[in-house]
Amino acid sequence: MKKIPFMPENPHLAFAYVPFQEFKNLYSTDKALWRGTIFKELDIPFETYKDNPIMNPFIKL
């Protein structure tokens, strides 16, 4: 099976690229449903943004 590269070898200037998510470091299915993602790297708790007025809609600017 050929491995998909993380990013293109010769990316074009001003093109948006999204790297492929690798299926490693995964939550169990029960925990993934509870956390909202199967990928531990993508699990960012809301508390991380609680003091950031741009990311938290409850803080008045």
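None of the figures in this text is laboratory data; all of them are computed from the coordinates on show. No experiment lies behind these values; they were computed from the predicted model shown. Please note: Cβ atoms are built from the backbone with ideal geometry, for glycine as well, and neighbour counts cover all protein chains shown.
Any residue in region 24-37 that is without any contact (Cβ under 8 Å) to a residue 40 or more places away in the chain, among the aromatic types (F, W, Y) and within 16 Å of F6 (Cβ to Cβ)?
Within region 24-37, the subset without any contact (Cβ under 8 Å) to a residue 40 or more places away in the chain is 24-37.
Retained after the next criterion (residues that are among the aromatic types (F, W, Y)): 27, 34.
Now restrict to residues that are within 16 Å of F6 (Cβ to Cβ): none.
No, because not a single residue in region 24-37 is without any contact (Cβ under 8 Å) to a residue 40 or more places away in the chain, among the aromatic types (F, W, Y) and within 16 Å of F6 (Cβ to Cβ).
The set of residues in region 8-61 being in a loop (DSSP other than H, G, I, E, B), surrounded by 11 or more Cβ atoms within 10 Å (Cβ to Cβ) and of a type in the set (S, T, Y) consists of Y27, T37.
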